[in-house]
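Trainee: Take a look at this one; I'll ask things after.
The values are calculated or read from the model by the stated rules, or taken from the named source; none is laboratory data. Keep in mind it's a predicted model, so treat the numbers as computed, not measured. Glycine also receives a Cβ, built like all others from the backbone with ideal geometry; neighbour counts cover every protein chain displayed. The accessibility values were calculated without ligands, DNA or RNA, using every heavy atom of the protein model including side chains. Shrake-Rupley method; radii C 1.70, N 1.55, O 1.52, S 1.80 Å.
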Amino acid sequence: MGYKVLALDLDGTLTNSEKVITPRTKAALQEAARRGVCIVLASGRPTVGILPLARELELEKYGGCILSYNGGKIIACRSGRTLVQYAFPPDLIEPVCTFSRYWNVVPLTYDASGIITEQADSPYVQEEARINRIPVRQVKDLPAEIRYPIHKLLLTGDPADMPHVEELMQQEFAGKLSIYRSQPFFIETMPLHVEKAASLELLLRGMGLTAKDLMACGDGWNDLPMIRFAGLGVAMGNAQAPVRAAADCLTADNDHDGVGLAVERYILQEGN
């Protein structure tokens, strides 16, 4: 069938190990966009960290969208209009930061120019800065610094500790926040019920479409909801085991044009 919307995770999916879109994948995506497919870059990254990839794919020309903060915000690339937006509960910022400090993980969030955190020298904070190509600003007291609406707090820490920390967070903030790991060293904390699939459902509804019109590609734990939700859920060859198990099909890994091959097969060939 002809998929009208294509949702793509970024890190480990759209981009390769060097955080670059490969030529074959880029060509396939631009051809899909020319045929009228709405491309949605769906990531836990902040909006500022997704914009360069959206520009590279010329989504402002073709009419794609940016889904940032793991579903906390969706903007239309052509108009710049905000289509979906959720704010992190202000009364939970201090408790999440306190929890993080106790379990020796480092919380961070974002301002207009980049990352703000209490430990700028953390290797995992630096990795988030590298991924998004944005600066880091160290502050003494993160909750005191947040005087504006935010969309998520990202917890960063040793991959060996994060499964246990995530489990404890799920217990501590049950019924209050949405909590997912996006990388072995990242835990995403968002407003309750916010995740990629829920925001994609709102976007599709606004377009007069349903999940059957959606193809989604992903690799990480936070991609599971949209992989299960989509009419066609595609797991990358490098995907986590639960993502592979939930997907309708498997493509190559992100270093071997996995997204490009899937688009060629399920969108471009189907459209001929």
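Trainee: Please name all residue pairs, on different chains or six or more residues apart, with Cβ atoms under 7 Å, provided the first residue is in the range 80-98 and is charged (D, E, K, R) and the second residue is modelled with pLDDT of 95 or more and open to solvent by less than 60 Å² (accessible area, probe 1.4 Å).
Mentor: Listed pairs, sorted by first residue: R81/I75; E94/P143.
Trainee: Follow-up question, since we're still on this one. For the range 239-257: of the residues being in a helix (DSSP H, G or I) and under 16 Å from M226 (Cβ atoms), which is most open to solvent (accessible area, probe 1.4 Å)?
Mentor: Taking the candidates together, the pick is R244.
Trainee: Just to be sure I understand the filter: pairs with C-beta atoms under 8 Å, separated by 6 or more residues or on different chains, first member in the range 205-227 and under 17 Å from G64 (Cα atoms), second member assigned to a strand (DSSP E or B) and of a type in the set (V, I, T). Which pairs pass?
Mentor: M207/V5; L209/V5; D213/V5; L214/V5; M215/V5; M215/V234; A216/V234; C217/V234
Trainee: Test of understanding: among E18, E56, which residue is farther than 17 Å from L214 by Cβ and either modelled with pLDDT of 95 or more or within 13 Å of the chain's Cα centre (by Cα) (or both)?
Mentor: Only one candidate qualifies: E56.
Trainee: Given the conditions (1) at pLDDT 95 or above; (2) within 28 Å of N104 (Cβ to Cβ), which single one is not true for A211?
Mentor: Looking at each condition in turn, A211 falls short on (2).
Trainee: When you scan the range 28-41, do you find a residue that is surrounded by fewer than 23 Cβ atoms within 10 Å (Cβ to Cβ), over 17 Å from A7 (Cβ atoms) and at pLDDT 95 or above, even just one?
Mentor: Yes, that holds for at least one residue.
Trainee: A further question follows. Just the residues that are under 13 Å from Y62 (Cα atoms) and of a type in the set (D, E), please, taken from the range 1-50.
Mentor: Once the filter is applied, which keeps residues that are under 13 Å from Y62 (Cα atoms) and of a type in the set (D, E), the range 1-50 yields only E31.
Trainee: Look through the range 1-11, keep the residues that are open to solvent by 10 Å² or more (accessible area, probe 1.4 Å) and not acidic (D, E), and return whichever of them is farthest from L67 (Cα to Cα).
Mentor: So, considering only residues that are open to solvent by 10 Å² or more (accessible area, probe 1.4 Å) and not acidic (D, E), the one farthest from L67 (Cα to Cα) is M1.
Trainee: Could you list all residues from the range 164-204 that are charged (D, E, K, R), within 13 Å of F99 (Cβ to Cβ) and touching a strand residue (DSSP E or B) at 6+ places or on another chain (Cβ under 8 Å)?
Mentor: Answer for the range 164-204, where residues must be charged (D, E, K, R), within 13 Å of F99 (Cβ to Cβ) and touching a strand residue (DSSP E or B) at 6+ places or on another chain (Cβ under 8 Å): just E166.
Trainee: Further question: State whether the residues of the range 227-234 include one that is modelled with pLDDT of 95 or more, of a type in the set (G, A, S), buried (at least 21 other Cβ atoms within 10 Å of the Cβ) and in contact with a strand residue (DSSP E or B) (Cβ under 6 Å, 6 or more places away or on another chain).
Mentor: Yes; the residues of the range 227-234 include at least one that is modelled with pLDDT of 95 or more, of a type in the set (G, A, S), buried (at least 21 other Cβ atoms within 10 Å of the Cβ) and in contact with a strand residue (DSSP E or B) (Cβ under 6 Å, 6 or more places away or on another chain).
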